[in-house]
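**Student:** I have a structure I would like to understand better, so I am pasting it below and will then ask my questions one at a time.
The values are calculated or read from the model by the stated rules, or taken from the named source; none is laboratory data. None of the values given here were measured: they were computed from a predicted structure. Reconstructed Cβ throughout: ideal geometry from the backbone, glycine too, with neighbour counts over all protein chains shown. Each accessible area value is taken on the protein alone, full model and side chains, heavy atoms only, with ligands, DNA and RNA left out. Shrake-Rupley method; radii C 1.70, N 1.55, O 1.52, S 1.80 Å.
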Amino acid sequence: MWHKATRLVTLLAGLLLAGCDRQGASDALLVDYQRRLAEALATAPPSPASPDNIPAFPAPDERLFEIPETREGLLAVHALRRCHITTLVAQRNSALGRVAPPSQRWHYELELWRRLAACRDSEVAEALDEPDRARLERLAAIKGEQLARVSWNALLGSSEWVGNFSRASRPLTPRGVDDLAPYLAALDYLETATRNQFNPDWRLDTAILEGHLQTLQESPLSARLLRTLMLANQRLAETNALLATRLRQGAACERRETLRRVDEEQLTARVRPFLATLATQAEAWFGALGRLYDAHEVARAPIRDYHRRWFSLEAPATPWAEFQAALAHHRALWARLREACGLDQGA
């Protein structure tokens with residue numbers, strides 16, 4: 001019986017720990033700050049509400065372009081063999097080629113277009129008979145026109161990119177992302193590759209590309225940063241309402257030293273560093289996302305709308321704009337509280 005009770009206690013403790021883990025250390029930090037501030041102001045703490053879930057990423061039919069397959073007979077492809085496309089086409093039509101991930105399809109389409117364009121502008125084209133030369137011109141034009149949509153699909157169709165916006169993600173810890181640099185480097189390479197795909201002097205390195213996509217897969221940073229931002233907004237709104245109400249009622253300054261400790265030990269030492277880290281990393285990441293999307297010559301409207309609503313640094317009524325406003329309001333309320341209670345004066 002004693003063993004059963006012990007196992008039950010262990011199970012319950014595990015469930016409680018799991019619940020805390022899902023809640024996140026950053027949320028625990030902000031809720032503890034609310035509680036200590038309310039106690040110092042001789043009032044009840046707010047009841048922390050659960051922030052809304054992050055929005056679902058658009059479905060495949062909303063985010064991807066339909067790109068019709070270009071079909072040519074074997075004899076037609078053979079006639080263009082001096083353009084060095086037969087092996088490439090064979091690889092694409094193989095069993096492995098047909099199930100290749102979007103990033104590899106991008107590399108294939110990019111290489112195919114470049115070989116066709118180079119062949120069209122070479123002496124090889126002059127040696128072709130009229131039907132084959134016309135076919136070469138047509139294929140090069142089709143592949144060039146499709147390439148911008150192919151590169152968009154390569155990004156928006158990859159599991160690594162979709163997973164970066166997973167709704168199952170958790171908030172970041174108060175430390176934020178331990179090392180943001182590799183993730184920013186991944187976005188930077190994707191942007192560079194997109195901007196240079198029509199540059200004949202630049203080559204897409206599939207090994208580097210796959211490595212950066214693997215980096216993005218390590219942590220759903222877009223989702224985690226957005227979730228943490230929305231959580232911070234919720235807690236700041238609750239805390240601001242608490243401060244505003246107490247100031248309107250006539251701030252309770254009887255516990256001035258307790259308020260001073262909350263200011264120094266909670267707000268200054270713990271909460272502000274967390275919010276500053278969140279602001280720095282969210283701004284860097286959201287900015288890099290925007291530059292990557294802007295690098296594409298074409299885009300599906302649902303993705304543009306999704307990004308502008310949730311990740312834009314410039315658009316109004318976004319979590320980032322709400323965060324900036326809530327943070328500024330929080331600073332202003334504390335300035336009023338310090339003045340009302342003389343917290344900047346000596347003990």
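**Student:** For the condition modelled with pLDDT of 95 or more and touching a Pro at 6+ places or on another chain (Cβ under 7 Å), what is the one hit in Phe286, Phe274, Phe311?
**Tutor:** Values: Phe286 fails: touching a Pro at 6+ places or on another chain (Cβ under 7 Å); Phe311 fails: touching a Pro at 6+ places or on another chain (Cβ under 7 Å).
On inspection, the qualifying residue turns out to be Phe274.
**Student:** Moving on. When the residues of the stretch 27-60 are narrowed to those that are assigned to a helix (DSSP H, G or I) and among the acidic types (Asp, Glu), which ends up most open to solvent (accessible area, probe 1.4 Å)? Show your work before the answer.
**Tutor:** In the first step, residues of the stretch 27-60 are kept if they are assigned to a helix (DSSP H, G or I); the result is 27-40, 60.
Subsequent filtering for residues that are among the acidic types (Asp, Glu) retains 27, 32, 39.
Numbers: Asp27: 11, Asp32: 31, Glu39: 99 Å².
The residue in question is Glu39.
**Student:** Tally time: how many residues in the stretch 110-155 are surrounded by fewer than 19 Cβ atoms within 10 Å (Cβ to Cβ), small (Gly, Ala, Ser) and closer than 30 Å to Leu216 by Cβ?
**Tutor:** Result for the stretch 110-155: 2.
**Student:** Can you list the helices (runs of 4 or more DSSP H) found entirely within the stretch 95-208 that contain at least 2 residues being closer than 26 Å to Asp61 by Cα and among the charged types (D, E, K, R)? Even if it seems obvious, please write down each step before you answer.
**Tutor:** Numbers: elements: 95-98, 102-120, 123-127, 130-156, 159-163, 181-196.
Filter on the stretch 95-208 gives 102-120, 130-156, 181-196.
**Student:** Quick one: which residue in Ala140, Ala90, Ala118 is among the small types (Gly, Ala, Ser) and modelled with pLDDT under 90?
**Tutor:** Step by step, each of Ala140, Ala90, Ala118 is checked, and only Ala90 is among the small types (Gly, Ala, Ser) and modelled with pLDDT under 90.
**Student:** Tell me whether the stretch 157-170 contains one or more residues that are touching a His at 6+ places or on another chain (Cβ under 7 Å), touching a residue at least 12 places away in the same chain (Cβ under 8 Å), open to solvent by less than 20 Å² (accessible area, probe 1.4 Å) and among the hydrophobic types (A, V, I, L, M, F, W, C).
**Tutor:** Pass one, the stretch 157-170, residues touching a His at 6+ places or on another chain (Cβ under 7 Å): none.
No, there is no match, as no residue in the stretch 157-170 is touching a His at 6+ places or on another chain (Cβ under 7 Å), touching a residue at least 12 places away in the same chain (Cβ under 8 Å), open to solvent by less than 20 Å² (accessible area, probe 1.4 Å) and among the hydrophobic types (A, V, I, L, M, F, W, C).
**Student:** Another one. Quick one: which of Asn153, Asn240 is modelled with pLDDT of 95 or more and closer than 18 Å to Pro101 by Cα? I'd like the intermediate steps shown before the answer.
**Tutor:** Values: Asn240 fails: closer than 18 Å to Pro101 by Cα.
Testing whether each residue is modelled with pLDDT of 95 or more and closer than 18 Å to Pro101 by Cα leaves just Asn153.
**Student:** Cβ contacts < 8 Å: first residue on the phi < 0 side of the Ramachandran plot and loosely packed, with under 15 Cβ neighbours inside 10 Å, restricted to the stretch 61-84; second residue outside any helix (DSSP H, G or I) and modelled with pLDDT under 85, any location; separation 6+ or different chain. Result?
**Tutor:** So the pair list comes out empty.
**Student:** On the basis of being more than 33 Å from the chain's Cα centre (by Cα), touching a residue at least 60 places away in the same chain (Cβ under 8 Å) and surrounded by fewer than 19 Cβ atoms within 10 Å (Cβ to Cβ), does Ala90 make the cut?
**Tutor:** Considered against the rule, which asks whether it is more than 33 Å from the chain's Cα centre (by Cα), touching a residue at least 60 places away in the same chain (Cβ under 8 Å) and surrounded by fewer than 19 Cβ atoms within 10 Å (Cβ to Cβ), Ala90 comes out as no.
**Student:** Go through (1) assigned to a helix (DSSP H, G or I); (2) within 30 Å of Arg270 (Cβ to Cβ); (3) not acidic (Asp, Glu) and name the single condition Gln214 misses.
**Tutor:** (2)
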